[in-house]
Amino acid sequence: MFMFHAGFRSQLAMKVLDPSFIPLTNTVNGEVHNNTAKWNFNRTAFIQQRKEISAYIDVASNFTLTKSAVRVGQLMHYDYSSHKYVFSIGENIMSLMPEASPIPGGRFNVCALVGNSGILTGSRCGPEIDRSDFVFRCNFAPTEIFHKDVGHKTNLTTFNPSILEKYYNNLLTVQDRNNFFLSLKKLDGAILWIPAFFFHTSATVTRTLVDFFVEHRAQLKVQLAWPGNIMQYVNRYWKTKQLSPKRLSTGILMYTLASAMCEEIHLYGFWPFGWDPLSGKELPYHYYDKKGTKFTTKWQESHQLPSEFKLLHKMHSKGVIKLSLTHCA
């Protein structure tokens, strides 16, 4: 018999969940309730996957564009847009590129990769995440008022330029600029990984972002990283694992990077469904969404999040990664 919570049924009614994922979600449900999912790290399997990924992309050399790798006037194309669209490298953006990659030559022992799923709400995973040697976060997600669940520590966060438009009003007012500046100050010396060459629609806001950083770089300690056209290589690897969505999620992309930077990877906030597997209560899409915000299905236009989760759960079962789906304390 299938074990359906109220939140689970509501999601089925919304046709969020493909019936083919019901066995998987039932397995997760059973693991969470029966506490049967004892996890042991399989270093051999992890290293094997790292080697497989490295055959498609050299993370160290593709982590960011550097000053020596580009020239003023060079035309950059976009990973997910028509080849006719280009971005001309100007002196300002080139001046913001690092001399060398900000990631060290060695590897971190235990890394936390923190997604933004609503499953983190009330998880009390913050202290566990903060004990990690290196913490990856996605899309400039807020931590301050959610630190008990998601932690404070940030060593790297992705930053899609569209975040300026969505949360900072394109920096059109003094208050918008102050808010953005204060958010950046909290990152201290963390890496801000900016995929500016994924979509041509981000060109204008990228220029706004570049102008802001040129103006304030002396006052900010954040390290900027500007990846080039890397997605063709990343996509080719995950296609071998039967993942070929219109666009891979930021979480999968960050795992690709982390595989080369870390000796062991723990994932938090990777749960693409609208109910809590422990309590059955409905969840928002993001842990930071306003109270009462309903689970969104807009991701279906571009991502295959349930398929990604299915693969991640399989990797967890084999000991390649640790996937946290319950409260940490």
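Given (1) of a type in the set (A, V, I, L, M); (2) within 16 Å of the chain's Cα centre (by Cα); (3) closer than 16 Å to V114 by Cβ, where does A225 come up short, assuming only one miss? Of (1) of a type in the set (A, V, I, L, M); (2) within 16 Å of the chain's Cα centre (by Cα); (3) closer than 16 Å to V114 by Cβ, only one is false for A225: (3). What residue, among those in segment 130-143 that are more than 26 Å from T206 (Cα to Cα) and either acidic (D, E) or under 17 Å from the mean Cα position of the chain (by Cα) (or both), is most open to solvent (accessible area, probe 1.4 Å)? Selected residue: D133.
Can you tell me which residue in segment 147-167 is most open to solvent (accessible area, probe 1.4 Å), limited to those that are more than 18 Å from A196 (Cα to Cα) and either out of contact with any Phe, Trp or Tyr (no Cβ under 6 Å at 6 or more places or on another chain) or β-branched (V, I, T) (or both)?
Within segment 147-167, the subset more than 18 Å from A196 (Cα to Cα) is 147-155.
Pick out the ones that are also either out of contact with any Phe, Trp or Tyr (no Cβ under 6 Å at 6 or more places or on another chain) or β-branched (V, I, T) (or both) and you get 147-154.
Values: H147: 69, K148: 142, D149: 30, V150: 1, G151: 0, H152: 105, K153: 62, T154: 29 Å².
Per the criteria, the residue is K148.
Take the residues of segment 262-282 that are of a type in the set (D, E, K, R) and at pLDDT 95 or above: which is nearest to the chain's Cα centre (by Cα)? Applying the filter and picking the extreme gives E264. Is it true that some residue in segment 227-240 is at pLDDT 95 or above and in contact with a Pro (Cβ under 6 Å, 6 or more places away or on another chain)? Yes, because at least one residue in segment 227-240 is at pLDDT 95 or above and in contact with a Pro (Cβ under 6 Å, 6 or more places away or on another chain). Here the helices (runs of 4 or more DSSP H) wholly within segment 39-129 that include at least 2 residues being under 23 Å from the mean Cα position of the chain (by Cα) are 43-54, 59-62.
Would you call G151 under 22 Å from I191 (Cα atoms), modelled with pLDDT under 95 and not polar (S, T, N, Q)? Criteria not met by G151.
If the condition is being of a type in the set (V, I, T) and out of contact with any strand residue (DSSP E or B) (no Cβ under 6 Å at 6 or more places or on another chain), then segment 151-179 contributes I163, T173, V174.
Scanning segment 101-148 for residues that are in contact with a His (Cβ under 9 Å, 6 or more places away or on another chain), in contact (Cβ under 8 Å) with a residue 24 or more places away in the chain and acidic (D, E) turns up E128, E144. For segment 232-249, check the following and say yes or no: at least one residue is touching a strand residue (DSSP E or B) at 6+ places or on another chain (Cβ under 8 Å), open to solvent by 20 Å² or more (accessible area, probe 1.4 Å) and either at negative phi or among the basic types (K, R) (or both). No: segment 232-249 contains no residue that is touching a strand residue (DSSP E or B) at 6+ places or on another chain (Cβ under 8 Å), open to solvent by 20 Å² or more (accessible area, probe 1.4 Å) and either at negative phi or among the basic types (K, R) (or both).
Quick check: is even one residue across segment 283-290 at pLDDT below 85 and assigned to a loop (DSSP other than H, G, I, E, B)? Walk me through it before giving the result.
To start, the set of residues in segment 283-290 that are at pLDDT below 85 comprises 290.
This time we only want the ones that are assigned to a loop (DSSP other than H, G, I, E, B), so: 290.
Looking for residues that are at pLDDT below 85 and assigned to a loop (DSSP other than H, G, I, E, B), one finds at least one in segment 283-290, hence yes.
The single condition among (1) open to solvent by less than 30 Å² (accessible area, probe 1.4 Å); (2) modelled with pLDDT under 95; (3) farther than 16 Å from V222 by Cβ that I103 does not satisfy is (3). The residue that is surrounded by the most Cβ atoms within 10 Å (Cβ to Cβ), counting only those in segment 43-81 that are polar (S, T, N, Q) and over 17 Å from R107 (Cα atoms), is T64.
The values are calculated or read from the model by the stated rules, or taken from the named source; none is laboratory data. The structure presented is a predicted model; accordingly, all values stated were derived computationally and were not measured. Every residue, glycine as well, gets a Cβ built from its backbone with ideal geometry; the counts of neighbours run over all protein chains shown. What goes into the accessible areas is simple: the full protein's heavy atoms, side chains included, and nothing from ligands, DNA or RNA. Shrake-Rupley method; radii C 1.70, N 1.55, O 1.52, S 1.80 Å.
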